[in-house]
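A.B. asks: I am attaching a structure below and will ask some questions about it afterwards.
The values are calculated or read from the model by the stated rules, or taken from the named source; none is laboratory data. Given the structure is predicted, the values throughout are model-derived calculations rather than measurements. Virtual Cβ from ideal backbone geometry, glycine too; neighbours counted across all protein chains shown. For the accessible areas, the whole protein counts, side chains as well, though only heavy atoms, and no ligand, DNA or RNA atoms are used. Shrake-Rupley method; radii C 1.70, N 1.55, O 1.52, S 1.80 Å.
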Amino acid sequence: MLDASQGPGSSGLRERKKARTRASLREHALRLFREQGYQATTVEQIAAAAEVSASTFFRYFPTKEDVVLQDDMDTRMVAALEAQPPELGPVAAARAAAQQVFGSYTGADIDVIRETTNLTMTVPEIRARALDEFARTITVVAEAVAKRAGRSADDLAVRTIAGAIIGVIMAITLPWEGWSDQTSFEDTFSRIDGALALLEAGLPL
């Protein structure tokens with residue numbers, strides 16, 4: 001007899017459970033950072049608050065810094081990118097995906113982004129780790145672009161396009177100090193769209 005945990009829907013259930021655990025770890029981490037400061041908060045405290053072990057924490061986040069840096073933006077972006085019509089070029093598809101993702105953010109989402117952005121700007125350990133996160137994001141985008149193009153993720157053109165897309169977004173969002181309220185976020189997202197449109201047009205100057 002087939003165990004219920006091995007049924008057709010078990011994979012989806014596992015993924016939802018993983019997503020809940022990941023979200024719980026991040027939620028409790030940010031709460032503890034607010035209450036007692038980043039440096040004073042340990043991985044063990046975060047894990048205990050989420051009712052998991054420290055080893056479980058590290059299955060979801062390689063470092064304490066990553067609990068701040070790794071949100072679901074790249075997951076949303078990849079899903080939106082894969083949903084774009086195949087006839088769209090990679091930059092046009094990324095632009096449409098970015099519009100969809102940014103349009104899906106709620107006020108609560110933006111509050112979290114603002115909080116994690118502030119931590120990234122003010123905590124040296126997180127700021128240093130951010131470079132690794134940018135590199136990871138380029139790889140994630142490259143994999144999505146490669147899938148659309150039927151090429152390898154390490155193809156020169158694929159890596160270049162992925163790097164250009166992330167570079168454009170970074171050029172608009174850095175420095176982050178201007179992200180102070182809802183209006184500035186909306187303006188930033190509008191500028192990102194405009195910048196991706198320039199990239200799509202071949203960067204005319």
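A.B. asks: Within the stretch 55-76, how many residues are part of a helix (DSSP H, G or I) and open to solvent by 30 Å² or more (accessible area, probe 1.4 Å)?
C.D. replies: 7
A.B. asks: Moving to a separate point now. Hey, could you check the stretch 136-160 for residues that are among the polar types (S, T, N, Q) and touching a helix residue (DSSP H, G or I) at 6+ places or on another chain (Cβ under 8 Å) and say which is least open to solvent (accessible area, probe 1.4 Å)?
C.D. replies: T137
A.B. asks: What number of residues within the stretch 80-113 are part of a helix (DSSP H, G or I) and open to solvent by 60 Å² or more (accessible area, probe 1.4 Å)?
C.D. replies: Result for the stretch 80-113: 7.
A.B. asks: Now for a separate question. From the set of residues in the stretch 8-38 that are at pLDDT 95 or above and in a loop (DSSP other than H, G, I, E, B), which is surrounded by the fewest Cβ atoms within 10 Å (Cβ to Cβ)?
C.D. replies: So the residue we want is G37.
A.B. asks: Looking at the stretch 39-53, is at least one residue surrounded by 16 or more Cβ atoms within 10 Å (Cβ to Cβ), of a type outside the set (F, W, Y), out of contact with any strand residue (DSSP E or B) (no Cβ under 8 Å at 6 or more places or on another chain) and under 17 Å from V123 (Cα atoms)?
C.D. replies: yes
A.B. asks: Any residue in the stretch 64-92 that is within 19 Å of S104 (Cβ to Cβ) sitting within a Cβ distance under 7 Å of a residue that is of a type in the set (F, W, Y)? List the pairs, counting only those 6 or more apart or interchain.
C.D. replies: That search, which allows pairs on different chains as well, returns Q70/F61.
Let's see how each residue does on (1) in contact with a strand residue (DSSP E or B) (Cβ under 7 Å, 6 or more places away or on another chain); (2) modelled with pLDDT under 95; (3) farther than 26 Å from D66 by Cβ:
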{"position": "L131", "(1), (2), (3)": "no, yes, no"}
{"position": "T137", "(1), (2), (3)": "no, yes, no"}
{"position": "S152", "(1), (2), (3)": "no, no, yes"}
{"position": "D155", "(1), (2), (3)": "no, no, yes"}
{"position": "A171", "(1), (2), (3)": "no, yes, no"}
{"position": "D181", "(1), (2), (3)": "no, yes, yes"}
{"position": "I192", "(1), (2), (3)": "no, yes, no"}
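A.B. asks: So is L131 free of Cβ contacts under 8 Å to residues at least 60 places away in the same chain, of a type outside the set (F, W, Y), closer than 23 Å to L199 by Cβ and not in a helix (DSSP H, G or I) or not?
C.D. replies: Here the answer is no, as L131 does not meet what is asked.
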